[in-house]
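Below is one structure, written out as structure tokens; comments come after it.
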Amino acid sequence: MDRYSPLRARTITLVGLMGVGKSSVGRRLANALDLPFKDADVEIEAAAGRSIPDIFAEMGEPAFREGERRVIARLLENPPHVLATGGGAFMNDETRALIKERSISVWLKADLDVLVRRVSRKDSRPLLSGKDPLAVLTELAEKRYPVYAQADIMVETGDTAHHVTVDQVIRALTAFLEERAS
């Protein structure tokens, strides 16, 4: 049995604001732990047959959130994997309860100035469309941080390389599981 075996027993779900690196860190974490990786946003787009910006534009955020809830519920029925969720997924009471019941939740947290720099590189985020990224992220942080704080683990990522964050997450998961076992 290798030292990562206990980390493969349950799905590891990453939550946090847009730009924090849930997908890129998640992919590397899955690779390090030899687990499959699933990105809820990619799965939602596949299920809907359209992009997330199109879902928001054509059907609105409530319809997107309902699809997101269904997709995450389905993904959480799969064998253990690393799951990256969209920034708003954990805000849904039902989704949050499922994540807490069927996985270990990890809140990736970074300073807002780091997130602003990262999200400003892409133009594909519906919640930022035509708005000031710092204002949007500040407002989202105020609403979401108290809910994200319900995650099993919080890892402060800073502006470090993804492999550093992966190591931080692995250490935090190991400590969490050791504490739960004692």
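The values are calculated or read from the model by the stated rules, or taken from the named source; none is laboratory data. These figures come from a predicted structure and were not determined experimentally. Using ideal geometry, Cβ is built from the backbone for each residue, glycine included, and neighbour counts are taken over all protein chains shown. Protein only, heavy atoms only, side chains kept; ligands, DNA and RNA dropped before computing areas. Shrake-Rupley method; radii C 1.70, N 1.55, O 1.52, S 1.80 Å.
Some values worked out for this structure:
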| item | result |
| --- | --- |
| Full-stretch length increase - H162, R3 - with 0.36 nm per residue and alpha-carbon distance subtracted | 55.1 nm |
| Sequence-distant lysines (8 or more away, or on other chains) whose Cα lies within less than 19 Å of K100 | K22, K38, K109 |
| Karplus-derived HN-Hα couplings along the stretch 83-93 (A = 6.51, B = -1.76, C = 1.60, θ = phi - 60°), whole Hz, x at Gly and Pro | 10, 8, 10, x, x, x, 4, 5, 6, 6, 3 |
| Exposure rank, largest accessible area first [S105, S5, S129; 1.4 Å] | S129, S5, S105 |
| The chain, helix-only ellipticity at 222 nm - DSSP H runs n ≥ 4, -39,500 (n - 2.57), divided by all residues, nearest 500 | -17000 deg cm²/dmol |
| Estimated vicinal HN-Hα couplings, Hz - the stretch 173-182 in sequence order (Karplus 6.51, -1.76, 1.60; Gly, Pro = x) | 4, 4, 4, 4, 5, 5, 5, 5, 6, 8 |
| About the Cα centre, charge dipole magnitude for the stretch 1-155 (Lys/Arg +1, Asp/Glu -1 at Cβ), debye | 400 debye |
| Degrees between helix 22-33 axis and first principal axis of the chain (Cα, 0 to 90, nearest 10) | 20 degrees |
| Backbone HN-Hα couplings from phi across the stretch 102-108 [Karplus 6.51/-1.76/1.60, Hz, Gly and Pro as x] | 10, 7, 9, 9, 10, 8, 8 |
| Spin-label pair V147/D132, simplified geometry with 7 Å Cα→Cβ offset, distance in nm | 2.4 nm |
| In degrees, nearest ten, helix 61-75 long axis to first principal axis of the chain (Cα) | 20 degrees |
| Calculated FRET efficiency for the pair R121/A175, C-beta based, R₀ 35 Å, to 0.05 | 0.60 |
| Sequence-distant residues sharing a close amide H with N92 (under 5 Å, placed H) | none |
| Surface accessible to a 1.4 Å probe, D167 within the full protein complex, Å² | 80 Å² |
| For V15, distant residues with modelled amide H under 5 Å away | V106, W107, L108 |
| Shape call, the stretch 1-127: gyration tensor on alpha carbons, a/c limit 1.5 | oblate |
| Longest DSSP-loop-exposure-free segment, trypsin sites (Lys or Arg not before Pro), the chain, at most 12 other Cβ within 10 Å | 4-120 |
